[in-house]
Amino acid sequence: MSPNDPSHVRIFDSTLRDGEQSPGASMNLEEKREVARHLAKLNVDIIEAGFPISSPVQFEAVKSICGEIEGPVICGLARTIEKDIKVAADALNNAKHWRIHTFTSTSPTHMEHMLRMTPDQVLKAAVAAVEYAASLTPDVEFSGQDAPRSDINFVYEILEAVIAAGATTLNIPDTVGYSTPEEYGTLIANIKKNVPNIDKVTISTHCHNDLGMATANSLAGVINGARQIECTINGIGERAGNASLEEVVMAIETRKDIYGLATQINPKEIYRASSTLARLTGLEVQVNKAIVGNNAFAHESGIHVDGYLKNRETYEIMTPESVGVNKSRLVLGRHSGMHGFKVHVKEMGYTLDDTQLKAAFARFLEIADKKKEVTDDDIDALLGDQITDNQSAIVLEHVEYSAQVDVTSNKDSNTTPHATVKVRVNNKMIEESGTGDGSVDAILTAISKATGLNPKFENYKISAVTGETDALAEAIIHIKDVASGDIFTGRSARTDVVYASAIAYVNALNRMLIKQAK
(Lines give C-alpha, C1' and ligand atoms only; values in the text may rest on other atoms or scores of the structure.)
Protein backbone atom coordinates (compact mmCIF):
# COMPACT_ATOMS: atom_id res chain seq x y z
CA MET A 1 0.00 0.00 0.00
CA SER A 2 1.41 3.36 -1.02
CA PRO A 3 1.57 6.08 1.67
CA ASN A 4 0.07 8.41 -0.94
CA ASP A 5 -2.96 6.16 -1.51
CA PRO A 6 -6.00 8.22 -0.36
CA SER A 7 -7.50 5.08 1.17
CA HIS A 8 -4.40 4.52 3.35
CA VAL A 9 -4.71 5.55 7.00
CA ARG A 10 -1.27 5.95 8.56
CA ILE A 11 -0.81 4.56 12.06
CA PHE A 12 1.42 6.80 14.18
CA ASP A 13 2.28 4.91 17.36
CA SER A 14 3.14 6.97 20.43
CA THR A 15 3.51 4.13 22.97
CA LEU A 16 7.17 4.98 23.58
CA ARG A 17 6.47 8.70 24.03
CA ASP A 18 2.94 9.58 25.16
CA GLY A 19 2.26 6.04 26.38
CA GLU A 20 5.32 5.98 28.59
CA GLN A 21 4.03 9.08 30.36
CA SER A 22 1.52 6.86 32.19
CA PRO A 23 2.48 6.70 35.90
CA GLY A 24 4.54 3.55 36.44
CA ALA A 25 4.96 2.85 32.71
CA SER A 26 8.59 3.96 32.34
CA MET A 27 10.83 1.46 30.57
CA ASN A 28 14.56 0.95 30.44
CA LEU A 29 16.53 1.03 27.19
CA GLU A 30 16.25 -2.66 26.37
CA GLU A 31 12.53 -2.65 27.12
CA LYS A 32 11.99 0.32 24.80
CA ARG A 33 13.87 -1.49 22.07
CA GLU A 34 11.77 -4.60 22.61
CA VAL A 35 8.56 -2.58 22.22
CA ALA A 36 10.00 -0.91 19.10
CA ARG A 37 10.68 -4.35 17.60
CA HIS A 38 7.06 -5.31 18.15
CA LEU A 39 5.91 -2.06 16.57
CA ALA A 40 8.03 -2.85 13.52
CA LYS A 41 6.44 -6.33 13.36
CA LEU A 42 3.02 -4.67 13.57
CA ASN A 43 4.15 -2.62 10.55
CA VAL A 44 3.15 0.76 11.98
CA ASP A 45 3.88 3.68 9.69
CA ILE A 46 5.53 5.93 12.30
CA ILE A 47 7.08 5.21 15.70
CA GLU A 48 7.26 8.23 17.99
CA ALA A 49 10.31 6.98 19.86
CA GLY A 50 10.54 9.70 22.51
CA PHE A 51 11.16 13.31 23.49
CA PRO A 52 14.97 13.58 23.04
CA ILE A 53 15.53 16.92 24.80
CA SER A 54 13.74 15.77 27.96
CA SER A 55 16.63 13.65 29.30
CA PRO A 56 19.86 11.89 28.26
CA VAL A 57 18.02 8.56 28.68
CA GLN A 58 15.33 9.65 26.21
CA PHE A 59 17.99 10.86 23.76
CA GLU A 60 19.88 7.54 23.90
CA ALA A 61 16.67 5.53 23.57
CA VAL A 62 15.62 7.39 20.43
CA LYS A 63 19.12 7.13 18.94
CA SER A 64 19.32 3.41 19.73
CA ILE A 65 15.94 2.69 18.14
CA CYS A 66 16.97 4.63 15.03
CA GLY A 67 20.08 2.46 14.73
CA GLU A 68 18.16 -0.81 14.97
CA ILE A 69 14.62 -0.48 13.63
CA GLU A 70 13.96 -0.51 9.91
CA GLY A 71 10.68 0.01 8.12
CA PRO A 72 8.69 2.58 10.11
CA VAL A 73 9.53 6.28 10.10
CA ILE A 74 11.14 7.15 13.45
CA CYS A 75 9.85 10.34 15.00
CA GLY A 76 11.07 12.56 17.85
CA LEU A 77 9.09 15.18 19.71
CA ALA A 78 10.28 18.79 20.16
CA ARG A 79 8.79 21.99 21.49
CA THR A 80 8.82 25.05 19.22
CA ILE A 81 12.32 25.79 20.52
CA GLU A 82 15.39 25.64 18.28
CA LYS A 83 17.47 23.66 20.81
CA ASP A 84 14.72 21.03 21.15
CA ILE A 85 14.63 20.59 17.38
CA LYS A 86 18.42 20.40 17.04
CA VAL A 87 18.67 17.75 19.77
CA ALA A 88 15.82 15.77 18.18
CA ALA A 89 17.60 15.84 14.82
CA ASP A 90 20.84 14.65 16.44
CA ALA A 91 19.02 11.69 17.97
CA LEU A 92 17.12 10.82 14.79
CA ASN A 93 19.50 11.40 11.92
CA ASN A 94 20.92 7.88 11.71
CA ALA A 95 17.46 6.46 10.92
CA LYS A 96 16.68 5.69 7.29
CA HIS A 97 13.45 7.70 7.50
CA TRP A 98 12.86 10.18 10.30
CA ARG A 99 10.46 12.92 11.32
CA ILE A 100 10.56 15.88 13.68
CA HIS A 101 7.28 16.50 15.49
CA THR A 102 7.15 20.02 16.91
CA PHE A 103 4.26 21.24 19.05
CA THR A 104 2.81 24.23 20.87
CA SER A 105 -0.63 25.09 22.26
CA THR A 106 -3.41 27.04 20.59
CA SER A 107 -6.20 27.31 23.18
CA PRO A 108 -6.61 30.52 25.22
CA THR A 109 -6.31 28.49 28.44
CA HIS A 110 -3.00 26.94 27.42
CA MET A 111 -1.51 30.07 25.89
CA GLU A 112 -2.34 32.27 28.87
CA HIS A 113 -1.66 29.95 31.79
CA MET A 114 0.92 27.48 30.49
CA LEU A 115 2.87 29.19 27.71
CA ARG A 116 2.31 32.74 28.99
CA MET A 117 2.42 33.90 25.37
CA THR A 118 0.12 35.91 23.15
CA PRO A 119 -1.40 34.32 20.04
CA ASP A 120 0.98 36.37 17.86
CA GLN A 121 3.98 35.07 19.81
CA VAL A 122 2.72 31.48 19.52
CA LEU A 123 2.21 31.88 15.78
CA LYS A 124 5.70 33.31 15.20
CA ALA A 125 7.35 30.59 17.32
CA ALA A 126 5.46 27.87 15.45
CA VAL A 127 6.46 29.19 12.03
CA ALA A 128 10.12 29.59 13.06
CA ALA A 129 10.20 26.08 14.52
CA VAL A 130 8.69 24.45 11.44
CA GLU A 131 11.03 26.37 9.13
CA TYR A 132 14.06 25.24 11.14
CA ALA A 133 12.86 21.63 11.31
CA ALA A 134 12.17 21.64 7.57
CA SER A 135 15.76 22.74 6.96
CA LEU A 136 16.88 19.51 8.67
CA THR A 137 14.38 16.96 7.32
CA PRO A 138 11.64 16.96 4.67
CA ASP A 139 9.27 15.20 7.10
CA VAL A 140 7.91 17.69 9.67
CA GLU A 141 4.78 17.35 11.78
CA PHE A 142 3.15 20.23 13.64
CA SER A 143 0.70 19.94 16.54
CA GLY A 144 -1.43 22.64 18.14
CA GLN A 145 -2.40 21.28 21.55
CA ASP A 146 -5.96 21.59 22.84
CA ALA A 147 -7.33 22.36 19.37
CA PRO A 148 -11.02 21.65 20.20
CA ARG A 149 -10.98 24.36 22.90
CA SER A 150 -9.17 26.85 20.64
CA ASP A 151 -10.54 29.75 18.64
CA ILE A 152 -11.23 28.13 15.28
CA ASN A 153 -10.04 31.13 13.28
CA PHE A 154 -6.69 31.08 15.10
CA VAL A 155 -6.43 27.35 14.34
CA TYR A 156 -6.98 28.09 10.65
CA GLU A 157 -4.39 30.88 10.75
CA ILE A 158 -1.62 28.90 12.43
CA LEU A 159 -2.19 25.80 10.26
CA GLU A 160 -2.00 27.87 7.08
CA ALA A 161 1.21 29.48 8.29
CA VAL A 162 2.99 26.23 9.20
CA ILE A 163 2.03 24.64 5.88
CA ALA A 164 3.76 27.56 4.17
CA ALA A 165 6.74 27.06 6.50
CA GLY A 166 7.19 23.44 5.45
CA ALA A 167 5.00 21.21 7.63
CA THR A 168 3.93 18.00 5.91
CA THR A 169 1.62 16.60 8.62
CA LEU A 170 -0.82 18.64 10.72
CA ASN A 171 -1.91 17.04 13.97
CA ILE A 172 -5.15 18.20 15.62
CA PRO A 173 -4.90 17.03 19.25
CA ASP A 174 -7.86 16.64 21.56
CA THR A 175 -5.34 16.95 24.36
CA VAL A 176 -7.75 16.67 27.28
CA GLY A 177 -10.31 14.31 25.77
CA TYR A 178 -12.95 17.07 25.70
CA SER A 179 -14.61 16.47 22.33
CA THR A 180 -17.49 14.28 21.28
CA PRO A 181 -17.25 12.41 17.96
CA GLU A 182 -19.65 14.86 16.31
CA GLU A 183 -17.63 17.88 17.45
CA TYR A 184 -14.26 16.40 16.57
CA GLY A 185 -15.42 15.20 13.17
CA THR A 186 -16.81 18.66 12.41
CA LEU A 187 -13.52 20.26 13.50
CA ILE A 188 -11.56 18.11 11.02
CA ALA A 189 -14.10 18.79 8.26
CA ASN A 190 -13.92 22.55 8.85
CA ILE A 191 -10.10 22.51 8.81
CA LYS A 192 -10.17 20.60 5.54
CA LYS A 193 -12.62 23.10 4.09
CA ASN A 194 -11.16 26.38 5.36
CA VAL A 195 -7.35 26.06 5.50
CA PRO A 196 -5.59 26.97 2.21
CA ASN A 197 -3.27 24.28 0.78
CA ILE A 198 -4.59 21.68 3.25
CA ASP A 199 -4.65 19.19 0.37
CA LYS A 200 -0.83 19.29 0.32
CA VAL A 201 -0.47 17.81 3.83
CA THR A 202 -1.74 14.90 5.90
CA ILE A 203 -4.24 15.66 8.66
CA SER A 204 -3.69 13.63 11.84
CA THR A 205 -5.80 12.85 14.90
CA HIS A 206 -4.47 12.61 18.47
CA CYS A 207 -7.32 11.92 20.88
CA HIS A 208 -7.20 11.34 24.61
CA ASN A 209 -9.69 9.17 26.46
CA ASP A 210 -10.83 11.30 29.41
CA LEU A 211 -14.50 10.81 28.47
CA GLY A 212 -13.97 7.35 26.98
CA MET A 213 -14.32 8.58 23.39
CA ALA A 214 -10.75 8.58 22.06
CA THR A 215 -11.31 5.77 19.57
CA ALA A 216 -14.67 7.15 18.43
CA ASN A 217 -13.23 10.65 18.03
CA SER A 218 -10.25 9.36 16.03
CA LEU A 219 -12.51 7.46 13.67
CA ALA A 220 -14.80 10.49 13.31
CA GLY A 221 -11.72 12.43 12.27
CA VAL A 222 -10.88 9.81 9.66
CA ILE A 223 -14.41 9.89 8.22
CA ASN A 224 -14.01 13.64 7.78
CA GLY A 225 -10.63 13.55 6.03
CA ALA A 226 -7.85 12.74 8.50
CA ARG A 227 -5.45 10.13 7.14
CA GLN A 228 -3.20 9.58 10.16
CA ILE A 229 -4.24 8.32 13.61
CA GLU A 230 -1.96 8.80 16.61
CA CYS A 231 -2.51 6.01 19.11
CA THR A 232 -0.83 3.66 21.59
CA ILE A 233 -0.84 -0.05 22.32
CA ASN A 234 -3.48 -0.85 24.95
CA GLY A 235 -4.43 2.86 24.88
CA ILE A 236 -1.86 3.75 27.55
CA GLY A 237 -0.91 7.39 28.08
CA GLU A 238 -1.49 10.49 30.16
CA ARG A 239 -4.44 10.32 32.58
CA ALA A 240 -7.10 8.07 30.98
CA GLY A 241 -4.82 7.31 28.05
CA ASN A 242 -4.96 7.61 24.27
CA ALA A 243 -6.86 6.06 21.41
CA SER A 244 -5.99 2.34 21.33
CA LEU A 245 -4.04 1.13 18.32
CA GLU A 246 -5.83 -2.22 18.38
CA GLU A 247 -9.27 -0.58 18.49
CA VAL A 248 -8.82 1.91 15.64
CA VAL A 249 -7.07 -0.65 13.43
CA MET A 250 -9.65 -3.39 13.90
CA ALA A 251 -12.55 -0.94 13.55
CA ILE A 252 -11.22 0.10 10.13
CA GLU A 253 -10.52 -3.53 9.24
CA THR A 254 -13.86 -4.91 10.43
CA ARG A 255 -16.12 -2.08 9.20
CA LYS A 256 -14.86 -1.60 5.67
CA ASP A 257 -18.50 -0.96 4.75
CA ILE A 258 -18.39 2.23 6.84
CA TYR A 259 -14.85 3.52 6.35
CA GLY A 260 -13.79 2.11 2.98
CA LEU A 261 -10.18 2.54 4.14
CA ALA A 262 -7.25 0.40 5.21
CA THR A 263 -4.10 0.44 7.32
CA GLN A 264 -0.92 -1.49 6.65
CA ILE A 265 -0.91 -3.03 10.14
CA ASN A 266 -0.32 -6.77 10.48
CA PRO A 267 -3.21 -7.52 12.88
CA LYS A 268 -1.88 -10.96 13.82
CA GLU A 269 0.86 -9.19 15.82
CA ILE A 270 -1.61 -7.18 17.90
CA TYR A 271 -2.07 -9.58 20.82
CA ARG A 272 1.64 -10.26 21.18
CA ALA A 273 2.43 -6.54 21.22
CA SER A 274 -0.31 -5.94 23.78
CA SER A 275 0.81 -8.70 26.15
CA THR A 276 4.46 -7.69 25.82
CA LEU A 277 3.70 -4.09 26.75
CA ALA A 278 1.61 -5.19 29.73
CA ARG A 279 4.45 -7.41 30.93
CA LEU A 280 7.10 -4.73 30.57
CA THR A 281 5.15 -1.90 32.21
CA GLY A 282 3.11 -3.82 34.78
CA LEU A 283 -0.01 -2.05 33.46
CA GLU A 284 -2.36 -4.95 33.04
CA VAL A 285 -5.03 -4.98 30.36
CA GLN A 286 -8.56 -4.92 31.77
CA VAL A 287 -10.24 -8.27 31.20
CA ASN A 288 -13.07 -6.81 29.13
CA LYS A 289 -10.81 -4.57 27.03
CA ALA A 290 -11.82 -4.58 23.37
CA ILE A 291 -9.70 -6.78 21.07
CA VAL A 292 -6.97 -7.78 23.57
CA GLY A 293 -8.72 -8.35 26.92
CA ASN A 294 -8.89 -11.89 28.30
CA ASN A 295 -12.66 -11.88 27.85
CA ALA A 296 -12.64 -10.35 24.36
CA PHE A 297 -13.27 -13.76 22.79
CA ALA A 298 -14.81 -15.54 25.79
CA HIS A 299 -18.37 -16.86 25.81
CA GLU A 300 -20.20 -17.98 28.96
CA SER A 301 -23.93 -17.21 28.66
CA GLY A 302 -25.91 -20.27 27.60
CA ILE A 303 -27.59 -18.42 24.74
CA HIS A 304 -24.27 -16.98 23.54
CA VAL A 305 -22.49 -20.34 23.72
CA ASP A 306 -25.31 -22.10 21.88
CA GLY A 307 -25.22 -19.52 19.09
CA TYR A 308 -21.43 -19.56 18.92
CA LEU A 309 -21.27 -23.35 18.63
CA LYS A 310 -23.78 -23.29 15.79
CA ASN A 311 -21.96 -20.49 13.96
CA ARG A 312 -19.17 -18.40 15.48
CA GLU A 313 -20.34 -15.33 13.57
CA THR A 314 -23.44 -15.15 15.76
CA TYR A 315 -21.37 -13.62 18.58
CA GLU A 316 -17.95 -12.88 17.04
CA ILE A 317 -17.41 -10.05 14.56
CA MET A 318 -13.75 -11.02 14.16
CA THR A 319 -11.81 -14.18 14.89
CA PRO A 320 -9.31 -14.41 17.74
CA GLU A 321 -6.77 -15.70 15.22
CA SER A 322 -7.07 -12.45 13.24
CA VAL A 323 -5.42 -10.52 16.09
CA GLY A 324 -2.95 -13.23 17.07
CA VAL A 325 -4.94 -14.96 19.81
CA ASN A 326 -4.46 -18.68 19.16
CA LYS A 327 -7.00 -21.00 20.72
CA SER A 328 -4.47 -23.82 20.57
CA ARG A 329 -1.07 -22.92 21.95
CA LEU A 330 2.12 -24.90 21.56
CA VAL A 331 2.82 -26.66 24.84
CA LEU A 332 6.43 -27.12 25.89
CA GLY A 333 7.64 -29.65 28.44
CA ARG A 334 10.78 -30.84 30.13
CA HIS A 335 11.80 -32.92 27.13
CA SER A 336 11.68 -30.03 24.65
CA GLY A 337 15.39 -29.37 25.12
CA MET A 338 17.41 -26.18 24.78
CA HIS A 339 17.11 -26.04 21.00
CA GLY A 340 13.34 -26.38 20.95
CA PHE A 341 13.05 -23.77 23.69
CA LYS A 342 15.36 -21.37 21.84
CA VAL A 343 13.40 -21.68 18.59
CA HIS A 344 10.07 -21.23 20.34
CA VAL A 345 10.98 -18.11 22.32
CA LYS A 346 12.44 -16.61 19.16
CA GLU A 347 9.14 -17.26 17.37
CA MET A 348 7.42 -15.54 20.30
CA GLY A 349 9.44 -12.41 19.58
CA TYR A 350 12.21 -12.59 22.19
CA THR A 351 15.84 -11.93 21.36
CA LEU A 352 18.07 -13.45 24.06
CA ASP A 353 21.83 -13.59 24.20
CA ASP A 354 23.52 -16.83 25.32
CA THR A 355 23.59 -15.83 28.99
CA GLN A 356 19.94 -14.80 29.02
CA LEU A 357 18.93 -17.94 27.12
CA LYS A 358 20.70 -20.25 29.59
CA ALA A 359 19.14 -18.47 32.55
CA ALA A 360 15.70 -18.53 30.95
CA PHE A 361 16.01 -22.23 30.07
CA ALA A 362 17.00 -23.05 33.64
CA ARG A 363 13.89 -21.20 34.85
CA PHE A 364 11.82 -23.04 32.24
CA LEU A 365 13.06 -26.43 33.46
CA GLU A 366 12.32 -25.43 37.04
CA ILE A 367 8.73 -24.67 36.05
CA ALA A 368 8.40 -27.74 33.79
CA ASP A 369 9.29 -29.95 36.76
CA LYS A 370 6.37 -28.50 38.70
CA LYS A 371 3.71 -28.02 36.02
CA LYS A 372 2.00 -30.47 33.72
CA GLU A 373 2.18 -28.04 30.82
CA VAL A 374 4.18 -24.90 30.12
CA THR A 375 2.25 -22.53 27.86
CA ASP A 376 3.20 -19.39 25.97
CA ASP A 377 1.61 -17.37 28.77
CA ASP A 378 3.92 -19.08 31.27
CA ILE A 379 6.95 -18.29 29.10
CA ASP A 380 5.89 -14.65 28.76
CA ALA A 381 5.66 -14.46 32.54
CA LEU A 382 8.97 -16.18 33.31
CA LEU A 383 10.77 -13.91 30.86
CA GLY A 384 9.13 -10.85 32.38
CA ASP A 385 11.94 -10.36 34.87
CA GLN A 386 14.59 -12.10 32.77
CA ILE A 387 15.25 -9.27 30.30
CA THR A 388 16.89 -6.34 32.07
CA ASP A 389 19.48 -3.78 31.07
CA ASN A 390 22.15 -5.70 33.02
CA GLN A 391 22.60 -2.93 35.55
CA SER A 392 21.14 -4.70 38.60
CA ALA A 393 22.84 -3.41 41.75
CA ILE A 394 20.75 -5.69 43.97
CA VAL A 395 20.60 -9.47 43.62
CA LEU A 396 18.47 -11.66 45.89
CA GLU A 397 20.60 -14.72 46.68
CA HIS A 398 18.62 -16.58 49.36
CA VAL A 399 15.26 -16.42 51.16
CA GLU A 400 13.97 -18.27 54.18
CA TYR A 401 10.61 -17.58 55.80
CA SER A 402 8.28 -19.14 58.33
CA ALA A 403 4.68 -18.57 59.33
CA GLN A 404 2.09 -20.68 61.09
CA VAL A 405 -1.69 -20.66 60.64
CA ASP A 406 -4.23 -22.48 62.81
CA VAL A 407 -6.32 -24.07 60.07
CA THR A 408 -8.96 -25.23 62.54
CA SER A 409 -9.86 -21.71 63.67
CA ASN A 410 -8.76 -20.17 60.37
CA LYS A 411 -6.76 -17.61 62.33
CA ASP A 412 -3.09 -16.76 62.46
CA SER A 413 -1.22 -18.34 65.32
CA ASN A 414 0.61 -16.22 67.82
CA THR A 415 3.83 -16.82 65.89
CA THR A 416 4.90 -13.66 64.05
CA PRO A 417 5.93 -14.37 60.44
CA HIS A 418 9.71 -14.19 60.15
CA ALA A 419 12.05 -14.04 57.17
CA THR A 420 15.79 -14.04 56.54
CA VAL A 421 17.30 -12.90 53.26
CA LYS A 422 20.76 -12.81 51.75
CA VAL A 423 21.12 -9.93 49.32
CA ARG A 424 24.10 -8.99 47.18
CA VAL A 425 24.25 -5.18 47.05
CA ASN A 426 26.94 -3.84 44.71
CA ASN A 427 28.74 -7.21 45.02
CA LYS A 428 28.65 -7.12 48.83
CA MET A 429 26.70 -9.93 50.52
CA ILE A 430 24.35 -8.74 53.28
CA GLU A 431 22.14 -10.89 55.47
CA GLU A 432 19.14 -9.43 57.29
CA SER A 433 16.00 -10.62 59.04
CA GLY A 434 12.56 -9.11 59.30
CA THR A 435 9.08 -9.71 60.65
CA GLY A 436 5.71 -8.63 59.31
CA ASP A 437 1.99 -9.23 59.10
CA GLY A 438 2.61 -12.10 56.72
CA SER A 439 5.41 -13.93 54.94
CA VAL A 440 5.58 -11.44 52.06
CA ASP A 441 5.61 -8.46 54.43
CA ALA A 442 8.40 -10.08 56.48
CA ILE A 443 10.55 -10.76 53.38
CA LEU A 444 10.10 -7.27 51.95
CA THR A 445 10.95 -5.78 55.33
CA ALA A 446 14.16 -7.83 55.44
CA ILE A 447 15.09 -6.75 51.89
CA SER A 448 14.52 -3.10 52.79
CA LYS A 449 16.79 -3.46 55.82
CA ALA A 450 19.49 -5.19 53.78
CA THR A 451 19.48 -2.58 51.03
CA GLY A 452 18.83 0.47 53.17
CA LEU A 453 16.01 1.43 50.80
CA ASN A 454 12.54 2.20 52.06
CA PRO A 455 10.32 3.42 49.21
CA LYS A 456 6.59 3.90 49.56
CA PHE A 457 4.47 0.97 48.38
CA GLU A 458 1.88 2.16 45.87
CA ASN A 459 0.32 -1.12 44.83
CA TYR A 460 0.82 -4.88 45.19
CA LYS A 461 -1.00 -7.47 43.16
CA ILE A 462 -0.70 -11.21 42.69
CA SER A 463 -2.45 -13.36 40.09
CA ALA A 464 -2.24 -16.73 38.41
CA VAL A 465 -0.84 -16.68 34.89
CA THR A 466 -3.08 -19.57 33.83
CA GLY A 467 -6.11 -21.18 35.40
CA GLU A 468 -4.66 -24.44 36.69
CA THR A 469 -3.80 -25.16 40.32
CA ASP A 470 -0.13 -25.52 39.33
CA ALA A 471 -0.10 -22.13 37.57
CA LEU A 472 2.73 -19.68 37.84
CA ALA A 473 2.06 -16.98 40.41
CA GLU A 474 2.73 -13.51 39.05
CA ALA A 475 3.53 -10.67 41.43
CA ILE A 476 3.44 -6.99 40.47
CA ILE A 477 4.73 -4.32 42.86
CA HIS A 478 4.63 -0.55 42.33
CA ILE A 479 6.87 1.57 44.54
CA LYS A 480 7.41 5.32 44.76
CA ASP A 481 10.74 7.04 45.25
CA VAL A 482 9.75 9.44 48.03
CA ALA A 483 12.42 11.96 47.02
CA SER A 484 11.56 12.25 43.31
CA GLY A 485 7.96 11.05 43.30
CA ASP A 486 8.78 8.63 40.45
CA ILE A 487 6.91 5.32 40.40
CA PHE A 488 8.69 2.06 39.54
CA THR A 489 7.25 -1.32 38.69
CA GLY A 490 8.65 -4.74 39.54
CA ARG A 491 7.20 -7.91 38.08
CA SER A 492 8.04 -11.58 38.50
CA ALA A 493 6.45 -14.98 37.99
CA ARG A 494 7.31 -18.12 39.98
CA THR A 495 5.46 -21.18 41.17
CA ASP A 496 5.93 -19.79 44.71
CA VAL A 497 3.97 -16.55 45.15
CA VAL A 498 6.06 -15.45 48.14
CA TYR A 499 9.33 -15.81 46.24
CA ALA A 500 7.76 -14.12 43.18
CA SER A 501 6.86 -11.16 45.40
CA ALA A 502 10.43 -10.89 46.69
CA ILE A 503 11.91 -10.92 43.17
CA ALA A 504 9.34 -8.35 41.99
CA TYR A 505 10.32 -6.04 44.85
CA VAL A 506 14.03 -6.39 44.04
CA ASN A 507 13.32 -5.66 40.36
CA ALA A 508 11.45 -2.49 41.32
CA LEU A 509 14.31 -1.39 43.60
CA ASN A 510 16.83 -1.93 40.79
CA ARG A 511 14.75 0.19 38.42
CA MET A 512 14.67 2.94 41.05
CA LEU A 513 18.45 2.80 41.54
CA ILE A 514 19.11 2.86 37.80
CA LYS A 515 16.94 5.96 37.40
CA GLN A 516 18.64 7.64 40.36
CA ALA A 517 22.08 6.88 38.93
CA LYS A 518 21.16 8.29 35.53
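Every residue, every condition in (1) farther than 30 Å from ASN294 by Cβ; (2) in contact with an Asp or Glu (Cβ under 8 Å, 6 or more places away or on another chain); (3) of a type in the set (Val, Ile, Thr); (4) at pLDDT 90 or above, yes or no:
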{"residue": "ILE443", "(1), (2), (3), (4)": "no, no, yes, yes"}
{"residue": "GLU458", "(1), (2), (3), (4)": "no, no, no, no"}
{"residue": "ALA464", "(1), (2), (3), (4)": "no, yes, no, no"}
{"residue": "ASP486", "(1), (2), (3), (4)": "no, no, no, no"}
{"residue": "ARG491", "(1), (2), (3), (4)": "no, yes, no, no"}
{"residue": "TYR505", "(1), (2), (3), (4)": "no, no, no, yes"}
If the requirement is being free of Cβ contacts under 8 Å to residues at least 40 places away in the same chain and touching a Pro at 6+ places or on another chain (Cβ under 7 Å), which of these qualifies: ALA220, ALA251, ALA243?
ALA220
Only one residue in GLU253, GLU238 is modelled with pLDDT of 95 or more and either in contact with a strand residue (DSSP E or B) (Cβ under 9 Å, 6 or more places away or on another chain) or of a type in the set (Gly, Ala, Ser) (or both). Which one?
GLU253
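Might you let me know whether segment 272-284 holds any residue that is of a type in the set (A, V, I, L, M) and over 15 Å from the mean Cα position of the chain (by Cα)?
no
Conditions (1) surrounded by fewer than 12 Cβ atoms within 10 Å (Cβ to Cβ); (2) among the aromatic types (Phe, Trp, Tyr); (3) modelled with pLDDT of 65 or more, marked per residue:
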position: ALA290; (1), (2), (3): no, no, yes
position: ARG312; (1), (2), (3): no, no, no
position: LYS327; (1), (2), (3): yes, no, no
position: VAL331; (1), (2), (3): no, no, no
position: HIS335; (1), (2), (3): yes, no, no
position: MET338; (1), (2), (3): no, no, yes
position: LEU365; (1), (2), (3): no, no, yes
position: ALA368; (1), (2), (3): no, no, yes
position: THR375; (1), (2), (3): no, no, yes
Do any residues in segment 257-282 that are over 17 Å from THR15 (Cβ atoms) have Cβ atoms under 6 Å from those of residues that are surrounded by 21 or more Cβ atoms within 10 Å (Cβ to Cβ) and at pLDDT 95 or above, where the two are at least six apart or on different chains, and which pairs are they?
TYR259/ILE252; LEU261/VAL9; LEU261/ILE252
In segment 75-99, the residues that are outside any helix (DSSP H, G or I) and among the hydrophobic types (A, V, I, L, M, F, W, C):
CYS75, LEU77, ALA78, ILE81, ALA95, TRP98
If I go through segment 162-182 residue by residue, how many of them are over 19 Å from ALA134 (Cβ atoms) and either surrounded by 15 or more Cβ atoms within 10 Å (Cβ to Cβ) or under 28 Å from the mean Cα position of the chain (by Cα) (or both)?
10
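Every residue, every condition in (1) farther than 23 Å from GLU284 by Cβ; (2) of a type in the set (Phe, Trp, Tyr), yes or no:
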{"position": "PRO6", "(1), (2)": "yes, no"}
{"position": "PHE12", "(1), (2)": "yes, yes"}
{"position": "GLU30", "(1), (2)": "no, no"}
{"position": "ILE53", "(1), (2)": "yes, no"}
{"position": "PRO56", "(1), (2)": "yes, no"}
{"position": "ALA61", "(1), (2)": "yes, no"}
{"position": "GLU68", "(1), (2)": "yes, no"}
{"position": "VAL73", "(1), (2)": "yes, no"}
Starting from residues that are among the acidic types (Asp, Glu) and in a helix (DSSP H, G or I), keep the ones in segment 240-291 and report whichever is farthest from LYS461 (Cα to Cα).
ASP257
Check off (1) in contact with a strand residue (DSSP E or B) (Cβ under 7 Å, 6 or more places away or on another chain); (2) buried (at least 19 other Cβ atoms within 10 Å of the Cβ); (3) aliphatic (A, V, I, L, M) for ALA262 and give me the number that stays unchecked.
(2)
Take the conditions surrounded by 17 or more Cβ atoms within 10 Å (Cβ to Cβ) and assigned to a helix (DSSP H, G or I) and apply them to ALA125. Does it pass?
yes
Does segment 195-214 hold any residues that are of a type in the set (Ser, Thr, Tyr), without any contact (Cβ under 8 Å) to a residue 40 or more places away in the chain and surrounded by fewer than 24 Cβ atoms within 10 Å (Cβ to Cβ), and which are they?
none
For ILE303, are the conditions met, namely being among the aliphatic types (A, V, I, L, M), exposed (fewer than 15 other Cβ atoms within 10 Å of the Cβ) and either in contact with a strand residue (DSSP E or B) (Cβ under 9 Å, 6 or more places away or on another chain) or modelled with pLDDT under 75 (or both)?
yes
Given the residues ALA133, ALA147, which is the only one that is of a type in the set (A, V, I, L, M, F, W, C) and either within 14 Å of SER204 (Cβ to Cβ) or surrounded by fewer than 20 Cβ atoms within 10 Å (Cβ to Cβ) (or both)?
ALA147
Just name the residue that is surrounded by the fewest Cβ atoms within 10 Å (Cβ to Cβ) out of those in segment 1-56 that are touching a helix residue (DSSP H, G or I) at 6+ places or on another chain (Cβ under 8 Å), in a strand (DSSP E or B) and on the phi < 0 side of the Ramachandran plot.
ILE11
Unique residue being within 21 Å of ASP84 (Cα to Cα), among the β-branched types (Val, Ile, Thr) and at pLDDT 95 or above when the list is VAL162, VAL155:
VAL162
Restricting segment 1-33 to residues that are touching a strand residue (DSSP E or B) at 6+ places or on another chain (Cβ under 6 Å), among the small types (Gly, Ala, Ser) and over 17 Å from ALA226 (Cβ atoms), the one modelled with the lowest pLDDT turns out to be GLY24
Just checking, does segment 113-129 include any residue being more than 21 Å from SER204 (Cβ to Cβ) and in contact with a strand residue (DSSP E or B) (Cβ under 8 Å, 6 or more places away or on another chain)?
yes
Would you point out the residue of segment 146-201, among those that are basic (Lys, Arg) and touching a helix residue (DSSP H, G or I) at 6+ places or on another chain (Cβ under 9 Å), that is farthest from GLY212 (Cα to Cα)?
LYS200
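The values are calculated or read from the model by the stated rules, or taken from the named source; none is laboratory data. Predicted, not measured: the structure shown is a model, and the values here were computed from it. All Cβ positions, even for glycine, are placed from backbone atoms using ideal geometry, and neighbour counts span all protein chains on display.
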